[in-house]
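> Here's a structure for you.
The values are calculated or read from the model by the stated rules, or taken from the named source; none is laboratory data. Keep in mind that this is a model prediction, so the values were computed, not measured. Heads up, the Cβs are rebuilt from the backbone with ideal geometry, glycines too, and the neighbour counts pull from every protein chain shown.
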Amino acid sequence: MTEILLPADGVGELQLVLPTLARLTREARTVMVIAPPYVPYVAGWEARGVVMSCVDIVHADERDVLWAAEQCLRSASCAAVLAWPVKADDRSLRRLQVAADTGKALAFVFRDRRHAVQASPAALRLELEGTPAWQVRVRKCRGGNPPVSAVPLASGWS
Amino acid sequence: MLWACILLPQLALDGVLRRRPPSDEPLVLVSGPAQARIVHAANATARAAGIYRGQRLTAAQALLQQFVMIEHDAEDEARWHRLLAAWAYRYSAEVGLYAHAVVLEVSRSLNLFGPWPRFESMLRDDLQELGFRHRIALAPTPHAAYVLAGVHDGIAVTSPDILRDALSPVPIARARLPIEATQGLPSMGIRTLGQVFGLPRAGLQRRFGTELVAQLDRLTGDEPTPIDSYRPPDAFEQRMEWTHEIEHVEALVFPLRRLTGDLAAYLAGRDGGVQRFELELEHRSGPPTRVTVGMLAAARDATLLFDCARGRLERLELSQPVLAMRLVARELPPFVPAGRDLFDTRPVHAIPLEQLRERLRARLGEQAIQHLHRTVDPRPEKAQSDVAHVKAATLPETLPRPTWLLASPHPLRGPPPEVLAGPERIETGWWDGGDIRRDYYVVRTSQGQCAWVFCAPGEQGAWMLHGWFA
């Protein structure tokens, strides 16, 4: 499970995951997008190589997001699950982590940056920064020390 | 030809018991006119207290102070009988209904389901699951199987040569012969079927008529038995009612599991699936509450059907207590099982994608899962839809499109952004009243986000935010 912390929407969070999604969907494996904050724009996703017929967009209430994500991960029938939980605590994230392990699926959980101070059971924890330039800071990575410096990210519009 | 007979000694009682949660309280089915009520059937606890079939109700009440009394319903019993015939149809194409029994021709089924002991245990497991007590026998003729099942549970006579030997020790009273023979033969000193076989036919025919001789011939297979083959109906309908009112949806889960289990058994017998069925909850007054359970594809797995129905039911607010529940399935499309890869490496507890989608839809709503497709319309609001379209043509070269689209554009707040690319004029839509005339730009906001914004043609201000390049 990867937890991605955002200062605001639209700072390159999809750019991080779209290449992976493109690879998975080209192999005709299913990707679940649960409660996205905006509508995925098909032309934009397809331009980055994602096969949209393999992408299921699940509309869920605030309280059902974690349930839906866990069901999808545990089922082992989807390759990756993207979720935008509003309220998620340590315990619910741990459940997702366990579900992702049992279902052998990739989980990406997008949360606000203010949760960075809380401990997290995620195997990989990334924080995105929008200013002065787009960059990714690794907060935690299982089995190694996180790199000290941030990794720059190309601006996402081209 | 080999016939299996499944004798259902407690059909009416099991039909009542399986609707109720398991319990130990004594229960009695009563029948007969109001002045002379008699016990039609009694469960194990009641029988242990000395109540037996045919007893007068007053005598039963003297034996046991308190028991649950239920009116015996012959129509109800016939319905269970038909359900079991539908279930048996899954194992054989030739199924016949006898009183309190179902017979099925199994000689060809054995090729498919394995040798008789394994096939028999399959039948027994199924009946156990459905909640019916049973006795099973196998014989070369249906009538012999019917007789043997009543005498010896589990007996299997596979060849016609030893059929006579197997039938010989059967007492006349249990040989299911015509009624006058059953009464007359013992008074002649004839006690078993073997003795009847030894009597001269002409004498028997003169004494008891042709019916007895024909019956004996059918028993031994000298004459073929006419069987009205069972044909399953084209719709499934099952109803359950309670003596008390149910006020909470949770209490409906148990009967629901029974109903969906019966539906699955029926569908398996028909080799069909169901895509949509209705649950009707009946109240004391007013119209019944209808819950429609729909699925993406035809299904017939008992767990899946139960999961879906339960998800729909749990979201229901009961306005009135429920007295009865009915499950109606009219559309029964053919069922195409999903193929699984032989070298599938997925974990054992995995559930198939279709079932996952059903489960999500059951809890989150019918429209919860969406697939987006690109259309040929250049207007961002109509550039995609969740209805499958014809393959969209490759679009002309334009500025890149964002990955997030706002459901409706709203003004961009904050200090003026830095323009990265643009403008791209989108001006179209005059034919359906939704015409737009906009200049789209890619801009960078003060927070570092890349945004897709538009403004009126020729201006660079009053930005409306329409998407993010995330």
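> For the structure I just gave you, tell me whether A:Leu66 is away from chain B (no Cβ under 12 Å), in contact with a helix residue (DSSP H, G or I) (Cβ under 6 Å, 6 or more places away or on another chain), in a helix (DSSP H, G or I) and of a type outside the set (D, E, K, R).
Here the answer is yes, as A:Leu66 does meet what is asked.
> So A:Ser120 fits all but one of (1) touching a Pro at 6+ places or on another chain (Cβ under 7 Å); (2) closer than 13 Å to A:Met1 by Cα; (3) surrounded by 14 or more Cβ atoms within 10 Å (Cβ to Cβ); what number is the exception?
Checking A:Ser120 against (1) touching a Pro at 6+ places or on another chain (Cβ under 7 Å); (2) closer than 13 Å to A:Met1 by Cα; (3) surrounded by 14 or more Cβ atoms within 10 Å (Cβ to Cβ), the one that fails is (1).
> Name the one entry in A:Ala100, A:Ala154, A:Ala119 that is in a loop (DSSP other than H, G, I, E, B), touching a helix residue (DSSP H, G or I) at 6+ places or on another chain (Cβ under 9 Å) and within 14 Å of chain B (Cβ to nearest Cβ).
Among A:Ala100, A:Ala154, A:Ala119, only A:Ala154 is in a loop (DSSP other than H, G, I, E, B), touching a helix residue (DSSP H, G or I) at 6+ places or on another chain (Cβ under 9 Å) and within 14 Å of chain B (Cβ to nearest Cβ).
> Also: Which of the residues spanning segment A:42-58 are over 16 Å from the mean Cα position of the chain (by Cα) and of a type outside the set (Gly, Ala, Ser)?
Hits for segment A:42-58 are A:Val42, A:Glu46, A:Arg48, A:Val51, A:Met52, A:Cys54.
> In addition: Would you call B:Ser385 surrounded by fewer than 21 Cβ atoms within 10 Å (Cβ to Cβ), within 11 Å of chain A (Cβ to nearest Cβ) and farther than 22 Å from A:Leu18 by Cα?
no
> Here are some conditions: (1) crowded, with 20+ Cβ neighbours inside 10 Å; (2) in contact with a Pro (Cβ under 9 Å, 6 or more places away or on another chain); (3) of a type outside the set (Asp, Glu). B:Trp80 meets all but one. Which one does it not meet?
For B:Trp80, the failing item is (2).
> Further question on the same structure: Please find, among B:Gly429, B:Gly433, the residue that is within 57 Å of the chain's Cα centre (by Cα), more than 9 Å from chain A (Cβ to nearest Cβ), in contact (Cβ under 8 Å) with a residue 40 or more places away in the chain and more than 19 Å from A:Gly44 (Cβ to Cβ).
None of the others qualify; the one that does is B:Gly429.
> Given the conditions (1) touching a Pro at 6+ places or on another chain (Cβ under 8 Å); (2) at pLDDT 90 or above; (3) more than 9 Å from chain B (Cβ to nearest Cβ), which single one is not true for A:Val81?
(1)
> For segment B:327-346, how many residues are at pLDDT 65 or above and small (Gly, Ala, Ser)?
Matching residues across segment B:327-346 total 1.
> Would you mind telling me which numbered condition in (1) more than 24 Å from A:His115 (Cβ to Cβ); (2) within 7 Å of chain B (Cβ to nearest Cβ) A:Asp9 fails?
All conditions are met except number (1).
> On to the next question. Considering only residues that are within 20 Å of B:Gly269 (Cβ to Cβ) and touching a Gly at 6+ places or on another chain (Cβ under 9 Å), which ones fall in segment B:302-324?
B:Ala302, B:Leu305, B:Phe306, listed by residue number.
> Then there is this: For segment B:104-117, does any single residue satisfy the condition of being touching a Ser or Thr at 6+ places or on another chain (Cβ under 9 Å), buried (at least 19 other Cβ atoms within 10 Å of the Cβ), of a type in the set (A, V, I, L, M) and farther than 14 Å from B:Gly221 by Cβ?
yes
> Starting from segment B:447-468, keep only residues that are surrounded by 22 or more Cβ atoms within 10 Å (Cβ to Cβ) and at pLDDT 85 or above, then list their pairs with residues that are among the basic types (Lys, Arg) and not in a strand (DSSP E or B) whose Cβ atoms are within a distance under 9 Å, requiring at least 6 positions of separation or different chains.
If the second residue must be among the basic types (Lys, Arg) and not in a strand (DSSP E or B), the pairs left are B:Trp452/B:Arg401; B:Gly467/B:Arg401.
> A further question follows. Looking only at segment A:18-32, how many residues end up being surrounded by 19 or more Cβ atoms within 10 Å (Cβ to Cβ), assigned to a helix (DSSP H, G or I), more than 9 Å from chain B (Cβ to nearest Cβ) and within 13 Å of the chain's Cα centre (by Cα)?
Summing the residues that are surrounded by 19 or more Cβ atoms within 10 Å (Cβ to Cβ), assigned to a helix (DSSP H, G or I), more than 9 Å from chain B (Cβ to nearest Cβ) and within 13 Å of the chain's Cα centre (by Cα) in segment A:18-32 gives 1.
> For segment A:72-97, which positions are assigned to a helix (DSSP H, G or I) and either touching a residue at least 24 places away in the same chain (Cβ under 8 Å) or within 24 Å of A:Arg23 (Cβ to Cβ) (or both)?
A:Cys72, A:Leu73, A:Arg74, A:Ser75, A:Asp90, A:Ser92, A:Leu93, A:Arg94, A:Arg95, A:Leu96, A:Gln97
> Considering only residues that are in contact (Cβ under 8 Å) with a residue 12 or more places away in the chain and over 22 Å from the mean Cα position of the chain (by Cα), look in segment B:75-102 and name the one that is farthest from B:Val28 (Cα to Cα).
My answer is B:Tyr98.
> Looking at this structure, is A:Leu128 surrounded by 20 or more Cβ atoms within 10 Å (Cβ to Cβ), within 13 Å of the chain's Cα centre (by Cα) and not polar (S, T, N, Q)?
yes
> Take A:Ala133 and decide whether it is more than 29 Å from B:Leu405 (Cβ to Cβ) and either touching a strand residue (DSSP E or B) at 6+ places or on another chain (Cβ under 6 Å) or not in a helix (DSSP H, G or I) (or both).
no
> I've got another one for you. Could you please give the count of residues in segment A:33-61 that are part of a loop (DSSP other than H, G, I, E, B) and at the interface with another protein chain (Cβ under 9 Å from one of its Cβ atoms)?
So the count comes out to 8.
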